Every structure is written in structure tokens, then in C-alpha cells.
Amino acid sequence: MSETVERCAAALYGLAAGERERLIRSGDALLGQSALWSALCSAAVSREEKEELLASAPELEGCGTLRGFLNLLLREGTLEKFPEILEEVRRLDLGARGGELCVVTCAREPDDAMRADLKKAACRLAGTDQVALRCRVDPELLGGFVLEIGGVTYDYSVKGRLDRLARGLEETPGDGLEDLIQGMRDTIQGFQPGEDRSETGRVREVGDGIATVSGLDRAVYGELVELDTGVRGMVLNLARDNVGVVLLGSEEGVREGTLVRRTGHPADVPVGEKLIGRVVDALGRPIDGMGPIETSETRPIEHEASGVISREPVNVPLQTGILAIDAMVPIGRGQRELIIGDRQTGKTAIAVDAIINQKGKDVVCIYVAIGQKASSVARIRDTLEKCGAMEYSVILSATASDSAPLQYIAPYAGAAMGEYFMSRGRDVLIVYDDLSKHAVAYRTLSLLLKRSPGREAYPGDVFYLHSRLLERACRLTKEYGGGSMTALPIIETQAGDVSAYIPTNVISITDGQIYLETDLFFAGQRPAINVGLSVSRVGGAAQTRAIKKTAGTLRIDLARFRELEVFTQFASDLDPATQKTLDHGRRLLELLKQPLYHPMPVSRQAVVLYAAANGLVDGVPLHAVRDFMDRFIRELETAHGDVMREIDSTGDLSGPAIETIRAALDMFKKQECASWQA
């Protein structure tokens, strides 16, 4: 039923105060004259002739309100909606008198005796004598009847019983004939009296993946519902007389009047070890062509975040393998670190590098693609496959071609999968790529659900959209499982505007941000991390001792270099101290450059940072700095592999290790000096 029908019925009901029963009787009598009603709805009859028919109709005698209303509908061209309007008026009248309008569907037209029996049954179920029956005929029921009353459906039809029997047999294990017979016997004997009762509603209107459903009076927010077409939906809007359902699938076949059933449980996704190494959609269904995923456990998509008592401080590092991040913007396990920047500045590359670097560290990685191109997701999967990272990773994809409801639930589904591993003591790294498109999908749903738009047309609860998602990332105490979930949300900015609505929201929720700058990216500084705007509010407490020792002055040195570079870019004559600071800063930037998908272990990072912070590469020509350091580390791993292994295993840089590195670097520098001079 459309809103137009509801408004017209409410207006007619209000105008007909004192003569509602007469109006309903007159309307029924008019509709009962099939020839007259056909003429009124016929396109071959002119409007003047229809007005004359209404003026002379004996069924409307003494009911001027109804005659005037029908003339108004005739002028508006909506006279064919009168049966629906009259049905709604009857429902309003019954509701005002404490009654119920019941819809009964039979396999054949019921006779008077059957109508009387059905009315008695409806009165007993509704608990009132004020019951009006509306009969429909559906031969597909085969026999019996279906009674809908007060948002509850009582299915006593032959078809309904056969469907319940079929569902029971599908759930019965066994492949042999004896198993089938036993399963059928158990199913038939196991029927309960309440199985023919279900809470249902009917679709009033549908479009753009949104169905407005009436009758689900007891539905709750986030509940999963099932439509007769086999599509599932999730309740996302609760109004006084209807609910808004987002369809988690195709809306093909869904139309006005389609039956919708409550399931009584929230929307969920499958979870388990079998998901590792697979690519799934937002509902947990495999889309990688590798067959079904055998898992029986599920978790709700929406889940309350862990409380303060169950959380533990972030003090264990999560190495990304990217030198600039691990040295200056460290991330701890259980932290929420935002990656923010313009389009095509390397945001996804940083997340993929972090996933690749978790190889051999017992960390489950989940990559959630929201609104990305399917080709981009396939390319990321190939990269992870080549690097051996799919062995411990899950890719959850809701691409740009998927509907807005699927893009909306994707990050929550990924969080549910991560919480499964976290509750079992595992460490999880989850990437949301990206939450800007997630906010756009939610804005689309909200506008289609007719919620009031606010700033930039986003609804008022868009902050809560991401806060309840990112709060699920934490580190649990031993009593609650001892696992952790580290979140790397990605936000795309427009022209570097970090003060826009969604970026500021997510910045205020997370524990720091890694800001990627377009100018740095096109200047060749990759990863293009802006040290001044990037910060980690937690990870410093979790930084490894080796990195903390060697990277102590790195951020200050780079800040001093940036400042001097701005003031001296037009100067021709510089004093030696200023020139030395500039040369040192340029070499630091060279060492921070890193190839794509080549994360560094802790030992390599410690050696590079030690050499850079102590000025041990200041004499190396600028163009040769990176090549010099790469070759030195390879020689160090060959000649002093025990030192590198010690740094990796302990996470610390001991005094003897420092002496070994310094002596080896001095010797290697002397060997290379001849080639520089040449």
C-alpha cells in the first residue's frame, strides 16, 4: 500500500465522521456492481459520462461525502485506487473500535458455512468479536487456508505443511534411503503446533534495494527477515506503522503484497578457520570459484564492542614493515590507525604491505573492500597470493557493482569474522578500504529510508556509524580470550581537505592517522607520508626497543630539514652548518623511500635508522644512498647473520651489536669510496 492510499484513506475517514458505517456499506455496494465499476474505470468512457454515472448511482444515495470523494479521485485520475482506499478505511474503523481486519487465503472460494467458521477462528485468535474478513483465492495452496491477523500468519494450508516438511528433510543429515526414510519419519513426528504460526508482514512498496513493509509490529532493529522470493533483508528503519527493510540480494520478483517473515535473530555471517585463504562477499558466501565453505558457526554482524574491563593496554607492536611508519608512526596490536589521503596516493599499498609483513607472525589478516572495482580486488588477491599472504588472509569484497545494503554491512561482517579469531586468542589485522564509500552507501540507504538529511546530506547518526565499528577493535585480557584486533581504516580526501565531515569524524574516533600527501607522492617520496600531520597516540608504547633507540631524533631532524628547506629555497649562499643539516635531511628522505610490496624486517629497519640517525651515510653521494645501504645490509646479513637474527628475535639493539654494525659500516664505506670518486 502506497503513502497516497494511506493519506486518502485517512482524509476520507476523517471527513466521514458519524457516517462511516454507511460510507463503507455504500462503497462495498458500488464495488459489488461489477458492470458499473468497470465502466467507471474504463478508458473508453469519458470523464463527463463517469460523472453522470456517479451522480445517478443508487448505491451512493444519501452518502454525499463518498460521492464527492469519488468525483475528486476521478478528476485526479486515481479512481482505480478506490478499492485500496476503502480497505484502509475499513481497517482504520475497525482499529478505532478495537477490532482487527483479517485476510484469509483459501485454495477455493469459501462458502457461507466456511466463512462463518473462519470468522469464529479469527475472533478467537484476535481476542475480539470485532473482526472483518477479507477473502482471497490462491489455488497454489492445494487445500486448507492461510489466516493473517495482527501481523501474525497462521498457515494451515497443504502447501505450507509440505514446505515445512521439505525444510525439515533438508536439515536431516544422511545420504542413504534408510536415512531419508528415518529423517522423514522424525520430521513428521516432530511437527509442533506452533510451526504453523509465523509473524509476517507484506511489502507496501519496493525500489532501489529498499522495501517498506507493513505488519511486522514486533520486528527489531537489525533483525533478519525472509521474503517469499527467497531474498533476505535486514530491518533498518522502524516507523509507527511500517518498517524499512534493506534487501541483501536482488529485488527481482519482489512487489507490492510480497510476504515477509520474521526470523527472530539478527543478521549474521559464517565464521571459522575455513574462511582463511578465501574471497567472500558481504554475506560470507564464496566468490573465488573454489567451492563452498564448510563452516557451521555464525556471528551477528552488529555486535556490542568489548567493555573497558575486558580490555588490555596496547603494548605489543604490530610491525607494518614500512620504515617511515614503524619508526615515526608506530602501530600496536589492538590500535585503530587511520590511513588518510587523496586518491592514488598509496593508501591501499600501505595496508597491503602491512598484511604481507605479517607472514610467520600468527596474525590473521582481513581485507574488506568497500565500493572498490572488482578488478582492483582481484589485483590485490593476486598480490597477496604471490607473496604467500593468502595463507593467513581473508578478503571480503562488496564492490561498486554491489548494492548499497551489501556495501553498508561489509565492514560489520568483516569485524564479526575478526572477532571470532580474537575471542580465541588470535591476533587480527583488519583493513577497511575505504570508509568514505561506506559512508556514501549509508547516506544512500538513509535517504531512501526517508530519514532527515543533515550536513552534506548525511544523516545525523553517521558518526555512530563508524564509532560502533571501530570500537570493536581492541586488545582483550587473558580472561576474555587474550586476542586482539587492529583496525586500519582508510579515508579518501578531496584535494587534501582533512577538515571535511567524514574525515574529521573518523580522525576523532581513531588512535592516530597516517596522512599521505599528493605533492610528496608526485615528488617521488614514496610512501608519501607527511610527518607533520601523521601521529600515533598509542603505538609508541608498543614500539620495539631497537626502533625506539635508533629513531628517537628522526622526526625532529625531518621537521628541521623541512623548515630550513622552505626558508633557503631561494638562497644562493648558505653557511656550512645549514648546508650540513640540509644534506642530512635529504639523505634521511632517501632512506625512507621504499619499494612497493617489500616490507622490511625489524633488523633491517634498525640498521638503516642507526646509520641515518648517527650521520654515518652523510658522506655518501645522494644518488647512491639507497643502493649503498641495500648492499651494506646484504653484506651484513652474510657476514654477521647472528647479529641480525638477534635483533629480530629480541627486538633490541645491544651494545655489541651496535659496535659490530658501526665497524662493518666504516669498512664498507671505505671500500665504496673509490667508486664514488671515480
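Looking only at region 475-522, residues that are open to solvent by 30 Å² or more (accessible area, probe 1.4 Å) and either touching a strand residue (DSSP E or B) at 6+ places or on another chain (Cβ under 8 Å) or of a type in the set (A, V, I, L, M, F, W, C) (or both) come to 9 in all.
Kindly provide the set of residues from region 557-598 that are among the small types (Gly, Ala, Ser) and touching an Asp or Glu at 6+ places or on another chain (Cβ under 8 Å), ordered by number. Walk me through it before giving the result.
Restricting attention to region 557-598, the residues satisfying the condition of being among the small types (Gly, Ala, Ser) are 559, 571-572, 577, 585.
Once the filter is applied, which keeps residues that are among the small types (Gly, Ala, Ser) and touching an Asp or Glu at 6+ places or on another chain (Cβ under 8 Å), region 557-598 yields only 585.
Would a scan of region 1-14 turn up a residue that is touching a residue at least 12 places away in the same chain (Cβ under 8 Å), of a type in the set (A, V, I, L, M, F, W, C), closer than 21 Å to residue 135 by Cα and not in a helix (DSSP H, G or I)? Yes - at least one qualifying residue is present in region 1-14.
All of (1) open to solvent by less than 50 Å² (accessible area, probe 1.4 Å); (2) in contact with a strand residue (DSSP E or B) (Cβ under 7 Å, 6 or more places away or on another chain); (3) closer than 29 Å to residue 22 by Cβ hold for residue 91 with one exception: (1). Does residue 620 fit the bill of being in a loop (DSSP other than H, G, I, E, B), touching a helix residue (DSSP H, G or I) at 6+ places or on another chain (Cβ under 7 Å) and in contact (Cβ under 8 Å) with a residue 40 or more places away in the chain? When the stated conditions are applied, residue 620 passes them. Taking the conditions exactly as written (aliphatic (A, V, I, L, M), farther than 26 Å from residue 218 by Cβ, modelled with pLDDT of 75 or more and touching an Asp or Glu at 6+ places or on another chain (Cβ under 7 Å)), does residue 103 satisfy them or not? For residue 103, the condition - aliphatic (A, V, I, L, M), farther than 26 Å from residue 218 by Cβ, modelled with pLDDT of 75 or more and touching an Asp or Glu at 6+ places or on another chain (Cβ under 7 Å) - is not met. Identification of helices (runs of 4 or more DSSP H) wholly contained in region 370-449 with 1 or more residues that are acidic (Asp, Glu), surrounded by 19 or more Cβ atoms within 10 Å (Cβ to Cβ) and touching a strand residue (DSSP E or B) at 6+ places or on another chain (Cβ under 7 Å) yields 404-422. Go through (1) open to solvent by 30 Å² or more (accessible area, probe 1.4 Å); (2) out of contact with any Lys or Arg (no Cβ under 9 Å at 6 or more places or on another chain); (3) more than 18 Å from residue 485 (Cβ to Cβ) one by one and return the number of the condition residue 277 breaks. Looking at each condition in turn, residue 277 falls short on (1).
A single entry from 325, 340 fulfils the requirement of being assigned to a helix (DSSP H, G or I) and in contact (Cβ under 8 Å) with a residue 60 or more places away in the chain: 325. Any idea which residue in region 234-259 is surrounded by the most Cβ atoms within 10 Å (Cβ to Cβ), counting only those that are modelled with pLDDT under 90 and closer than 14 Å to residue 216 by Cβ? The selected residue is 242.
Select from region 15-73 the residues that are over 25 Å from residue 94 (Cβ atoms), touching a residue at least 12 places away in the same chain (Cβ under 8 Å) and small (Gly, Ala, Ser) and write down the one among them that is most open to solvent (accessible area, probe 1.4 Å). Ranking the candidates gives 55 first. In region 626-656, the residue that is most open to solvent (accessible area, probe 1.4 Å) out of those that are part of a loop (DSSP other than H, G, I, E, B) and free of Cβ contacts under 8 Å to residues at least 60 places away in the same chain is 640. Just to be sure, is residue 453 surrounded by fewer than 17 Cβ atoms within 10 Å (Cβ to Cβ), at pLDDT 90 or above, in contact with a Leu (Cβ under 9 Å, 6 or more places away or on another chain) and not polar (S, T, N, Q)? Answer is yes for this residue.
With respect to (1) open to solvent by 40 Å² or more (accessible area, probe 1.4 Å); (2) assigned to a strand (DSSP E or B), the lone exception for residue 302 is condition (2).
The values are calculated or read from the model by the stated rules, or taken from the named source; none is laboratory data. Quick caveat, the model's predicted, so the values are computed rather than measured. For neighbour counting, all protein chains shown are included, and Cβ atoms are generated from backbone atoms with ideal geometry for every residue, glycine included. Keep in mind that these areas ignore ligands, DNA and RNA; they rest on the heavy atoms of the full protein, side chains included. Shrake-Rupley method; radii C 1.70, N 1.55, O 1.52, S 1.80 Å.
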